[in-house]
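Scroll down for the structure; my scribbles are underneath it.
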Amino acid sequence: MKNNGKGSTLPAKIRNAKTPRELYLAKRRNYKISVILWRIGLFAAIIGLWELITAIGWMDSFITSSPSRIIKTMCEIAPAEIFKHIGFTLAECIIGFIAASGLGIVIAILLWRFARLRHILEPYIVVLNALPKIALGPIIIIWVGAGIQAIIVMTILICIIVTVISVLNGFMSVDEGKVFLLKSMGASQFQILTKLILPANVPSLVNMLKINVGLAWVGTIMGEYLVSTAGLGYMIIYGSQVFKMDIVMTSTVILCMLAAAMYLSVAAVEKAIKRRYHTD
């Protein structure tokens, strides 16, 4: 075995060989890249197919619109007008999302802490979860008024029960042996909550936020269907009333982009939390 002049007696093939960890990381990176490329390709294929079948007349673009017509509609609407509607809907959704998530976590903590209260309220929570929230629309308008507050309340109602149920189930699934161990060491309920229950449920809390992203947009649009003078839901209603499907589809596409951006924001928070717990 010859010396290469740099103090190493190993052949270049052996020196440059990757470790199992490096091979694993490279495989994982290539997998992520392939997934992203497939997602982009699938999206491009859907858009291209949509444009093609409307161009050749297989679908009536007046009814289903098309990507080119949607882009044209976006260009025709004044930027100030469209950003006004986006701002209204986005503000309503974010406020409802934050309020529902926060209140739901607080209620779940209270139900976890007080077992008797949990057992008393359990059937009511099940009934409220099964109740179609849209049926409460007229009552909400009477109670809080026909304004943005009614839309936010509708968003909260859509999200909060699911939040309570999912978070509470996560709390109750923590190993009882660990809870008993902390109690035997003299830990208070607050210490058990902060040192065991909440840290053990970080993945569940993040998943709850992901679910609430979709529910918050559903609640916001449902609220705007009931009562609104601005917002993307209002644009959808207006477009359907005057039979301008380009406006309806354009508003729907914008909603999809906003929902995707909000979901990616929650995913970024999840990634940061995982990195923090990994490094710590």
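The values are calculated or read from the model by the stated rules, or taken from the named source; none is laboratory data. Given the structure is predicted, the values throughout are model-derived calculations rather than measurements. Note that each Cβ is placed from the backbone with ideal geometry, even for glycine, and that neighbours are counted across all protein chains shown. Heads up: the accessible areas ignore ligands, DNA and RNA and are worked out on the full protein's heavy atoms, side chains in. Shrake-Rupley method; radii C 1.70, N 1.55, O 1.52, S 1.80 Å.
Overview of values
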quantity	calculated
Checking Met59 against (1) in a helix (DSSP H, G or I); (2) among the hydrophobic types (A, V, I, L, M, F, W, C); (3) modelled with pLDDT under 90; (4) open to solvent by less than 90 Å² (accessible area, probe 1.4 Å), the condition it does not meet	(1)
Boolean, Arg69 is open to solvent by 70 Å² or more (accessible area, probe 1.4 Å), on the phi < 0 side of the Ramachandran plot, at pLDDT below 85 and in contact with a Ser or Thr (Cβ under 8 Å, 6 or more places away or on another chain)	no
The lone exception for Gly231 - which of (1) under 16 Å from the mean Cα position of the chain (by Cα); (2) modelled with pLDDT under 90; (3) within 27 Å of Ser66 (Cα to Cα); (4) not aromatic (Phe, Trp, Tyr) it fails	(1)
Whichever residue in the stretch 123-144 is farther than 16 Å from Gly96 by Cβ and small (Gly, Ala, Ser) and, among such residues, is modelled with the highest pLDDT	Ala130
Number of positions in the stretch 225-269 that are open to solvent by less than 40 Å² (accessible area, probe 1.4 Å) and either among the hydroxyl-bearing types (Ser, Thr, Tyr) or over 19 Å from Trp50 (Cα atoms) (or both)	16
Residue ID - most open to solvent (accessible area, probe 1.4 Å), chosen from residues in the stretch 75-108 that are under 18 Å from Gly233 (Cα atoms) and among the small types (Gly, Ala, Ser)	Ala80
Yes/no for Lys183 being touching a residue at least 40 places away in the same chain (Cβ under 8 Å), among the charged types (D, E, K, R) and surrounded by 13 or more Cβ atoms within 10 Å (Cβ to Cβ)	no
Close pairs from the stretch 42-61: first farther than 15 Å from Asp246 by Cα, partner open to solvent by 60 Å² or more (accessible area, probe 1.4 Å), Cβ under 7 Å, at least 6 apart	Ile53/Met59
Selection within the stretch 143-160 - open to solvent by 20 Å² or more (accessible area, probe 1.4 Å) and within 16 Å of the chain's Cα centre (by Cα)	Ile156, Ile158, Ile160
Tabulated pairs, the stretch 147-171, first over 14 Å from Lys210 (Cα atoms), second outside any helix (DSSP H, G or I), C-beta under 8 angstrom, 6+ apart or interchain	Gly147/Val227; Ala150/Val227; Ile151/Val227; Ile151/Ser228; Ile151/Gly231; Gly170/Asn201; Phe171/Asn201
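A quick yes/no check of all residues on (1) at pLDDT below 90; (2) surrounded by 10 or more Cβ atoms within 10 Å (Cβ to Cβ); (3) outside any helix (DSSP H, G or I); (4) hydroxyl-bearing (Ser, Thr, Tyr):
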| position | (1), (2), (3), (4) |
| --- | --- |
| Asn3 | yes, no, yes, no |
| Lys6 | yes, no, yes, no |
| Ala17 | yes, yes, yes, no |
| Leu23 | yes, yes, no, no |
| Ala26 | yes, yes, no, no |
| Arg29 | yes, yes, no, no |
| Leu42 | no, yes, no, no |
